[in-house]
Amino acid sequence: MIVVAGVALGAWVWLLAGQGGFWRTDVRLPRTGGEPQEWPDVAVVVPARDEADVLPMSLPSLLAQEYPGKAAVFLVDDGSSDGTGDVARALHAAGGGLPLTVTSPGEPPAGWTGKLWAVRHGIAQARDQTGAEFLLLTDADIAHRPDSLRALVAAATTADLDMVSQMARLRVTTGWERLIVPAFVYFFAQLYPFRWINRAGSRTAAAAGGCVLLRSSTAAAAGVPDVIRQSVIDDVALSRAVKRSGGRIWLGLADRVDSVRPYPGLGELWRMVSRSAYAQLRHNPAVLAGTVLGLALIYLVPPAAALGGALAGAWPLAALGLAAWAVMTGTYLPMLRYYRQPLWLAPLLPYTAALYLLMTVDSAVQHYRGRGAAWKGRTYARPDAQPDDTPA
């Protein structure tokens with residue numbers, strides 16, 4: 001146990017020093033101090049399936065964008081059964097703002113996920129009607145501050161970026177949201193350190209699908225969304241496709257973009273994670289086993305060694321475990337501050353990690369039962385090997 005605890009401590013020292021500063025939360029939109037001389041046209045594409053409940057909290061924020069150039073919103077109703085399209089039209093009629101087009105592509109053909117089929121339809125509509133230089137791909141549960149689009153375009157144009165993505169600040173209101181949501185972003189950043197993603201020449205690629213500003217020419221050069229049509233984790237697949245085509249990408253935390261979707265109970269949060277966790281592991285049992293062992297070593301061994309060693313009077317073991325636990329806790333504090341959560345939640349990260357471990361295993365179990373990657377009434381089987389399935 002002393003050896004195992006020592007390995008866990010060594011792993012945390014390496015993560016602290018060598019994993020791209022994943023624990024830092026200061027990666028925000030590039031600030032160059034300027035704005036474009038001419039503001040490019042932007043088409044906002046919003047895929048939506050059964051989103052009537054959240055649209056009143058999100059769509060008006062898009063329609064009310066204070067953007068100096070021309071912008072238009074294209075909401076693609078992906079086979080909703082709750083009147084999503086009618087709600088969108090009513091919101092525009094009541095509040096006005098940017099031009100809104102509501103359209104529906106019908107059921108996705110074989111080999112396409114519903115969201116990406118909707119995105120493809122929205123991009124085609126935008127090209128036909130606007131010829132916009134930029135596309136803003138944003139989810140139906142994302143609310144944007146009035147200057148969000150302006151800031152995104154300014155960052156992309158002045159920093160010469162082909163894709164700018166922001167990790168929306170997720171809702172944190174209930175006890176379960178406080179326990180699980182900040183950790184979701186923390187684990188994502190640990191897997192895909194933002195600084196590595198944003199570094200020129202780096203192979204690491206990731207994006208946050210809730211807010212992606214993409215040059216239309218880059219989308220065409222990368223062949224998206226067609227080239228990623230089967231991807232369940234579409235944002236990461238999109239970023240890899242853009243990088244492969246030679247595009248420059250950027251990802252950071254948001255100040256002006258918020259998710260309004262509630263996850264009030266553990267069940268909703270569990271489904272959010274488990275629906276795509278095994279897809280993230282490329283449906284590989286060996287990768288799943290390694291992930292489970294890695295999570296146990298890094299997150300569960302430290303508190304077990306600290307508490308078990310103290311109870312048994314094995315003080316060297318307790319000291320190693322406590323040191324690893326302390327490093328872990330310290331790296332989590334910045335994310336809790338970003339989410340304005342009490343710092344006493346930081347030592348509970350091992351408990352949250354144990355929940356994520358179980359969610360990941362459940363994702364694999366559901367996959368082999370034929371229920372994996374399920375979302376909004378659709379279940380997606382494991383796709384054939386695609387270029388976007390390769391590791392970053």
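Some observations on this one:
- Wholly enclosed helices (runs of 4 or more DSSP H) of segment 97-191 bearing at least 2 residues within 21 Å of ALA220 (Cβ to Cβ) and within 16 Å of the chain's Cα centre (by Cα): 114-129
- Test: residue in segment 53-71 that is in a strand (DSSP E or B), hydrophobic (A, V, I, L, M, F, W, C) and out of contact with any Lys or Arg (no Cβ under 6 Å at 6 or more places or on another chain): yes
- Meets criteria (surrounded by fewer than 24 Cβ atoms within 10 Å (Cβ to Cβ) and within 29 Å of GLY267 (Cα to Cα)) for TRP196: no
- Residue ranges of helices (runs of 4 or more DSSP H) in segment 226-343 with at least 1 members without any contact (Cβ under 8 Å) to a residue 60 or more places away in the chain and buried (at least 20 other Cβ atoms within 10 Å of the Cβ): 234-244, 301-312, 315-338
Taken together, the values in this text are just the output of simple stated rules run on the coordinates, not laboratory data. As the structure is a computational prediction, the values presented were derived from the model and not from experiment. In this analysis, Cβ positions are derived from the backbone assuming ideal geometry, glycine residues included, and neighbour counts consider all displayed protein chains.
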